[in-house]
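Undergrad: Quick one: this structure, given as structure tokens, is what I'll be asking you about.
The values are calculated or read from the model by the stated rules, or taken from the named source; none is laboratory data. Quick caveat: nothing in here was measured; it's all calculated off a predicted structure. Every residue, glycine among them, receives a Cβ derived from its backbone with ideal geometry; neighbour counts consider all protein chains shown.
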Amino acid sequence: MHNNEEYLTKEKFKELEKELEYIKTTRRKEIAEALEYAKSLGDFSENQEYQEARDNQAILEDRIGRLEVILKSAKIVSTQSTNLVSVGSIMTVEKRGDKSRKSYTMVGSEEADAAKGKISVRSPLGMAAMGKSKGETFSFETPNGMMSYKIIDIK
């Protein structure tokens, strides 16, 4: 796993492409129009609309830059059956001292959503689990101390 690669599913890649297209065309134009309107109000030092439009423009340009970097360095992954935890794997784990089981899908950081069971391969849990096999245990440091898990299944 290279630090400059962003792991994405095909669906997330297409979603980010659509977002980039929308903000580069429609959203950029809307902000440019808001900026022109705000300029027409005069005196920039007291012009809240102008400052707001400039801030929105900066945020938009940052997002465009971020999306372009992500899409350029994206590695498309798909869920695949394997013996080792990797990007796209769905692993079922059991926490030491707690017999309840949880399943997580290993994804890139752009797709991570803990509430949906999608964890980033760059998260502490994700990094510790990568490359492990069914039946293996692993541990990692958290702010609350060491956590230990056992891999019950990998899909």
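Undergrad: Taking strands (runs of 3 or more DSSP E) that do not extend beyond the stretch 65-155, which have at least 2 residues that are hydroxyl-bearing (Ser, Thr, Tyr)?
TA: 101-107, 137-142, 145-154
Undergrad: So, in the stretch 83-100, exactly how many residues are within 25 Å of the chain's Cα centre (by Cα) and under 13 Å from residue 148 (Cα atoms)?
TA: So the count comes out to 3.
Undergrad: Where residues in the stretch 3-48 are surrounded by 12 or more Cβ atoms within 10 Å (Cβ to Cβ) and small (Gly, Ala, Ser), which of them is nearest to residue 78 (Cα to Cα)?
TA: 32
Undergrad: Okay, next question. Select from the stretch 117-130 the residues that are without any contact (Cβ under 8 Å) to a residue 24 or more places away in the chain and touching a strand residue (DSSP E or B) at 6+ places or on another chain (Cβ under 8 Å) and list them in ascending order.
TA: Passing the criteria: 117, 118, 119, 120, 124, 126, 127, 128.
Undergrad: Continuing with this model, one more query. For the subset of the stretch 46-102 comprising residues that are among the small types (Gly, Ala, Ser) and modelled with pLDDT of 95 or more, which member is nearest to residue 154 (Cα to Cα)?
TA: Here the residue is 65.
Undergrad: Scan the stretch 49-70 for residues that are buried (at least 16 other Cβ atoms within 10 Å of the Cβ) and within 30 Å of residue 128 (Cα to Cα) and jot them down.
TA: Of everything in the stretch 49-70, those that are buried (at least 16 other Cβ atoms within 10 Å of the Cβ) and within 30 Å of residue 128 (Cα to Cα) turn out to be 67, 70.
Undergrad: Let me ask another. In this structure, is residue 17 of a type in the set (D, E, K, R) and at pLDDT below 95?
TA: no
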